1. Tell me whether segment 575-587 contains one or more residues that are among the polar types (S, T, N, Q), part of a loop (DSSP other than H, G, I, E, B) and under 34 Å from the mean Cα position of the chain (by Cα).
2. Tally up the residues in segment 126-178 that are under 12 Å from Ala209 (Cβ atoms), assigned to a helix (DSSP H, G or I) and not basic (Lys, Arg), please.
3. Anything in segment 344-369 that is at pLDDT 85 or above and either assigned to a loop (DSSP other than H, G, I, E, B) or surrounded by fewer than 19 Cβ atoms within 10 Å (Cβ to Cβ) (or both)? List them, or say none.
4. Is it true that Gly55 is within 15 Å of the chain's Cα centre (by Cα) and over 18 Å from Gly579 (Cα atoms)?
5. Scan segment 412-426 and tell me whether some residue there is among the hydroxyl-bearing types (Ser, Thr, Tyr) and modelled with pLDDT under 85.
6. Show the residue pairs meeting these rules: Cβ distance below 8 Å; 6+ apart or different chains; first residue within segment 32-45 and outside the structural domain of Ser62 (by TED's automatic domain parsing) and aromatic (Phe, Trp, Tyr); second residue surrounded by fewer than 16 Cβ atoms within 10 Å (Cβ to Cβ) and not in a helix (DSSP H, G or I).
7. Could you give every pair whose Cβ atoms fall below 8 Å, whose first residue belongs to segment 471-493 and is within 23 Å of Asp32 (Cα to Cα) and in contact (Cβ under 8 Å) with a residue 60 or more places away in the chain, and whose second residue is in a loop (DSSP other than H, G, I, E, B) and polar (S, T, N, Q), counting only separations of at least 6 or pairs across chains?
8. Kindly indicate whether any position in segment 539-557 is under 30 Å from Ala26 (Cβ atoms) and of a type outside the set (Ser, Thr, Tyr).
Amino acid sequence: MAAERKFDMAQVRQYMKRYKNLIEMARSLGKDIIEIENAYAFAENAYRGTARRDGSPYIAHSIEVALMLVEMDCGSDTIAAGLLHDTDDMTECTFEEIGKAFGENVERIVRQAAAIKICLRPDFARRGENDDVVNERRTRIESIALETPDALLLASADRIHNLRTMDAFDMRARLETVRVTNDILIPVIREAAQAYSLVDRLRDACLKAENDSYDVIRSKYERLLSENRRALDRFAAFATQEAYKWEYKKQYGVRVYFRDRSVYSIHNDLLVKAENRRDVEKHINKRTVPLQDMFFVVSDKCQEPPEDVFFEYYKKLHEGALVTGEKSAKNLKPETFGFTVVAFGKSKNSDLNYMVGADRYENRWRVFCEREEDFRKFRHDYGIRGLKERRKNRKSSSSHMIKVYTRSRERIEIEEDATVLDFAFKIHTSLAYGADHALINGWKDPVPLYERIYPGDMIEIVSSTALGSEEYVDKSTFRWLEWVNTRRARKHLIRHLEEKEARERAMITVTDRETGKSVNIVPDASLPDLCFELDPERALCFKEAFVGDESEACGPDRALKNMDIVRIVYDETPNAKLGWLRYVRTDRARQAIIDYLEKKEREGEQKENSHHS
């Protein structure tokens with residue numbers, strides 16, 4: 001059992017912020033928010049007072065694991081399992097209790113992920129002395145993953161975050177964990193599961209755990225990116241623009257993507273150049289390290305090798321120019337980049353060949369030429385392809401799907417009969433609710449929300465809200481139901497319209513017995529919520545209350561009902577406690593309590609410091 005401690009408000013605020021990010025991302029992807037919120041509440045209660053070795057709240061680790069699973073677009077059950085995955089080991093909670101609360105599937109994922117973790121314990125002898133044990137554990141993990149593929153994703157996400165947060169462990173423990181990951185987990189994911197993107201993240205996390213130069217390399221690389229970001233972005237815009245204008249674009253299905261590199265891949269480059277492993281960070285500069293990866297992707301239907309197609313396109317990169325400025329002859333400013341292939345290489349991580357290209361500013365890129373299927377397999381697929389393909393009842397999710405793109409050139413897969421409004425829901429529900437029209441493929445003419453979209457379209461939604469924001473001017477109407485064709489959009493829209501209608505009539509009314517003042521408040525609001533509506537200045541002084549004709553006083557956990565009449569008793573001074581955050585339902589009350597507790601903690605620290613001085 002981990003040590004118990006009381007966490008300061010900064011730690012609480014940090015993991016609550018990450019939890020909010022988790023919910024926002026899950027909601028935008030159409031996950032079951034109620035299940036995820038219930039799993040968080042269950043885990044938060046189970047982990048109460050439990051700390052990791054580095055002193056952080058244990059629930060913070062579970063939130064980070066769940067966030068990774070959301071990024072992989074796992075199902076709601078798997079995300080919930082991510083929040084719950086250590087409760088059986090670190091608390092008195094049992095698998096059976098998880099199954100009773102969240103169902104058989106969540107229990108199975110948690111149980112099988114725990115079995116994989118047992119196989120990853122670093123308790124066998126040095127490399128090469130126990131090959132039978134290693135093979136036995138690989139076979140066991142593959143068998144578990146074949147039965148429950150999402151358990152492998154959960155165990156991998158757990159291992160990634162553990163590797164990233166091993167600063168409190170000695171180097172021997174770190175190296176043992178890295179060795180087991182490299183000897184057992186990564187081979188299963190790479191060879192049996194074919195989840196290559198997951199392999200990349202695991203190797204990067206291993207490097208962070210075992211190599212003290214990781215943070216130095218990352219810091220220097222991020223500084224290089226920052227110093228050259230404008231030039232990199234201009235070249236990306238130029239290369240993408242040339243690809244869209246290219247006369248052979250439709251024939252070959254060409255797409256161009258850019259991505260920042262992992263520290264692991266940069267470290268591998270530096271090892272070739274450095275005579276001493278300790279000196280690798282000295283070689284980080286843009287003349288020796290390509291700053292980004294460029295992916296030149298052709299359609300699977302293209303008969304020509306991707307490399308041959310690239311060298312047709314290469315002429316445009318070498319000779320073409322990016323035009324910036326206003327559309328008048330005086331302000332046109334053509335900028336040439338003189339992109340030139342200067343070297344060839346092979347990725348140690350994926351065994352893929354690449355070219356090194358440089359522009360006249362000495363910025364460099366690794367250029368990978370790939371077919372669409374390979375690009376998807378090596379760069380995007382966090383799923384367990386190999387395992388799922390071996391399941392007899394695997395369902396295909398790629399049929400009747402088209403690929404479209406956001407303004408930032410992010411690829412989005414959506415049903416072939418989707419409309420502009422369907423696309424908006426695919427990106428973010430809040431963006432959709434505030435949507436007005438779209439701009440497609442750079443044209444300035446507005447496209448209505450009911451218009452159908454087609455493969456290869458680049459779509460910009462014009463909305464009353466910024467992406468990721470929860471604040472928007474709600475423009476949704478019941479007529480919108482005629483404008484959506486995807487199940488996801490219809491599901492969210494129906495729920496939103498129902499909630500929108502219900503909100504107008506679902507507020508409860510509560511009356512203060514002393515003043516006769518009545519307020520409308522959310523259902524199941526707590527007594528502190530009511531205090532902030534009735535008398536914000538004294539709300540933090542809440543002591544107890546009497547509801548209706550009850551003679552027994554109620555505490556802050558009492559949930560209010562419609563038409564309740566309440567007499568509130570206040571203390572002379574504020575006495576809000578951390579536990580109040582478990583009961584309040586309104587953002588106003590929650591924020592005020594957090595601000596008060598933080599202020600109280602700072603005052604205590606100042607008083608203690610002045611006492612010692």
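1. Quick first cut of segment 575-587, residues among the polar types (S, T, N, Q) only: 575, 586.
Add one more test, that the residue is part of a loop (DSSP other than H, G, I, E, B), and what stays is 575, 586.
Right, trim to under 34 Å from the mean Cα position of the chain (by Cα) and you get 586.
Yes: one or more hits.
2. Final tally of qualifying residues: 10.
3. Let us first name the residues in segment 344-369 that are at pLDDT 85 or above, namely 344-345, 353-369.
Residues satisfying the conditions are Phe344, Gly345, Asn353, Val356, Asp359, Arg360, Tyr361, Glu362, Asn363.
4. Working: within 15 Å of the chain's Cα centre (by Cα): no; over 18 Å from Gly579 (Cα atoms): yes.
It is false that Gly55 is within 15 Å of the chain's Cα centre (by Cα) and over 18 Å from Gly579 (Cα atoms).
5. Quick first cut of segment 412-426, residues among the hydroxyl-bearing types (Ser, Thr, Tyr) only: 419.
Those still in the list that are modelled with pLDDT under 85 too: none.
Within segment 412-426, not a single residue is among the hydroxyl-bearing types (Ser, Thr, Tyr) and modelled with pLDDT under 85.
6. none
7. Leu493/Ser476
8. Of all residues in segment 539-557, those under 30 Å from Ala26 (Cβ atoms) come to 556-557.
The next check asks that each one be of a type outside the set (Ser, Thr, Tyr); those that pass are 556-557.
Yes - at least one qualifying residue is present in segment 539-557.
The values are calculated or read from the model by the stated rules, or taken from the named source; none is laboratory data. In this text, all values refer to a predicted model and were calculated from it rather than measured experimentally. Counting neighbours? That spans all protein chains shown, and the Cβs are built from the backbone with ideal geometry, glycine included.
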